[in-house]
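The values are calculated or read from the model by the stated rules, or taken from the named source; none is laboratory data. None of these values were measured; they are calculated from a predicted model. Note that we place each Cβ from the backbone using ideal geometry, even for glycine, and neighbour counts take in every protein chain shown. Each accessible area value is taken on the protein alone, full model and side chains, heavy atoms only, with ligands, DNA and RNA left out. Shrake-Rupley method; radii C 1.70, N 1.55, O 1.52, S 1.80 Å.
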Amino acid sequence: MQTITTENLVLRDFSLADRDAYRALRDDQKFARFYSEEDVSTDKSDTLLDLFIAQSLELPRNKYQFAIVTKSGDLIGSCGIRLEADQQASVGCELGREWQKKGYALEAGNAVLAFGFDQRGVHRIYAETISENKAAIRLCKILGMRHEALFLENRFFQGRWWSTSVLAVLARDWRQRYSVRGHRKDN
């Protein structure tokens, strides 16, 4: 079982015991605004949880979707990294609405980037998000990512076309950013 501990959080593999809490955090209208109805259904939440558990058992392991848990034990979201060919990886993070704007996504994101760069030898980490998801784009930029691409109207859900943005950071840039600012804490 993979676990990452930060100042305020524990990022750990999901278990079946997380099912109700994971459903609850994804069952929120504001949370769902950048997803299709299917993507936030109870069935989809169950399917994702089962997938995350199965991925945690794969060998070799290339996909890590961590439950974000507070030190008091509350499941507040998930944050993951998916290793790809050529030392590339994609990341994604979801946080329950009541836990947003408290620094938890940034703390979890930094931990996952450190895991990818320092423990898994990744060269470049990227995120793709709906372009109107300003909070996700702001988080990526705070994590040191730069805007690399804009795909116009390439996703269709909720009865309309959405554009997506890709942001990324190279290992050397991420390390330089933290060595200069001194913000990174090794776990």
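All but one of (1) free of Cβ contacts under 8 Å to residues at least 60 places away in the same chain; (2) out of contact with any helix residue (DSSP H, G or I) (no Cβ under 7 Å at 6 or more places or on another chain) hold for residue 39; which doesn't?
The single condition residue 39 does not satisfy is (1).
Filtering region 70-104 down to residues that are over 22 Å from residue 55 (Cα atoms) and small (Gly, Ala, Ser), which residue is surrounded by the fewest Cβ atoms within 10 Å (Cβ to Cβ)?
Looking at the filtered set, the residue picked out is 72.
One line per residue, one yes/no per condition, for (1) open to solvent by 80 Å² or more (accessible area, probe 1.4 Å); (2) out of contact with any helix residue (DSSP H, G or I) (no Cβ under 7 Å at 6 or more places or on another chain):
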site: 129; (1), (2): no, no
site: 140; (1), (2): no, yes
site: 146; (1), (2): yes, yes
site: 149; (1), (2): no, yes
site: 152; (1), (2): yes, yes
site: 155; (1), (2): yes, yes
site: 162; (1), (2): no, yes
site: 172; (1), (2): yes, yes
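Among the residues of region 52-74, which ones are touching a residue at least 60 places away in the same chain (Cβ under 8 Å), closer than 16 Å to residue 107 by Cα and part of a strand (DSSP E or B)?
Result: 66, 69, 70.
Please identify the pairs in which a residue from region 13-36 that is under 23 Å from residue 63 (Cβ atoms) has its Cβ atom under 8 Å from the Cβ atom of a residue that is in a loop (DSSP other than H, G, I, E, B) and open to solvent by 40 Å² or more (accessible area, probe 1.4 Å), counting only partners at least 6 apart or on another chain.
Listed by first residue and then by second, the contacts come to 13/1; 13/2; 21/74; 34/132; 36/158.
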